[in-house]
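Each remark here refers to the structure printed beneath this line.
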């Protein structure tokens, strides 16, 4: 009886392994979305136009990207995600002024966990990743001439959740939301005092992208 149970378990395991071996493991996706983006504040500065500015923000805009993922198990996926947000940089204070057009590019390696069976037509997921966000350079005109701001790359993480729907074994559709906080700078936030003296405490500022996305996925 015990021998039959072991043989049955091995047969089930072999069948499951064979099915997993034949299931698509690679996913390539094209993404489209809309990003809500904020910037950071700073010390007030009086410009040559007579206005005082103390904040810079990228404008909200459409975004797009590509993803590549590999299922290491039926529920766990690792991959790489690239996204671009064509936008404009604006400064604000006593007035709001658009400086110039720029691109924000995100490059992140990620890990994702999928709920449900690998053969399910609907699979919710959660994901998280680390990488970098690149803020492209731009030029703008002032009363003193043309000023160029160089591009800048900063460390960032990305977090998301959503659902993928597979009407066929090779093609799927995706909908979800993603949050990408990017570290920009730290400002003095006060003092902390302990047994060994007092220290300046830094107040970190992040630029946040909240993206509502959809896309199409091809499985191989």
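Quickly work out the residue 177-to-residue 78 label distance, labels modelled 7 Å from Cα along the C-beta direction, and quote it in nm with one decimal.
So the label points at residue 78 and residue 177 sit 3.0 nm apart.
Measuring from label point to label point, each 7 Å out along Cα→Cβ, what is the residue 152 to residue 168 span in nm?
Here the answer is 4.7 nm between the modelled labels.
So how many Å³ per residue does the convex hull of the Cα atoms of the stretch 140-183 work out to?
167
With an 8 Å cut-off on Cα pairs and a minimum separation of 6 or more residues, tell me the relative contact order of the stretch 60-123 in percent.
The normalised contact order for the stretch 60-123 reaches 32 percent.
Kindly state, to the nearest 0.05, the FRET efficiency for residue 120 paired with residue 41, given R0 = 35 Å and r defined as their beta-carbon distance.
0.15
So for the pair residue 139, residue 214, with labels modelled 7 Å out along Cα→Cβ, what separation do we get in nm?
The modelled label-to-label distance comes out at 3.9 nm.
Hey, how many Å between the Cα centroid of the stretch 109-173 and the Cα centroid of the stretch 25-92?
After rounding, the separation between the Cα centres reads 8 Å.
So if R0 is 41 Å, what FRET efficiency would residue 92 and residue 28 give, r being the distance between their Cβ atoms, rounded to the nearest 0.05?
0.55
Give, in whole angstrom and from largest to smallest, the semi-axes √(5λ) of the equivalent ellipsoid of the stretch 24-219, with λ running over the eigenvalues of the Cα gyration tensor.
Equivalent-ellipsoid dimensions as semi-axes: 38, 23, 12 Å.
Sorted by packing (mean other beta-carbon atoms within 10 Å per residue), highest first, where do 43-49, 30-36, 104-110 land?
Highest-to-lowest ranking by the protection proxy: 104-110, 30-36, 43-49.
Let me check against my output: what whole-number percent is the relative contact order of the stretch 24-219, with C-alpha pairs under 8 Å and at least 6 apart?
Relative contact order for the stretch 24-219 comes out at 21 percent.
FYI, it's all coordinate maths here, none of it is from the lab. Quantities reported herein were computed from a predicted structural model and do not represent experimental measurements. We place every Cβ from the backbone using ideal geometry, glycine too, and count neighbours over all the protein chains shown.
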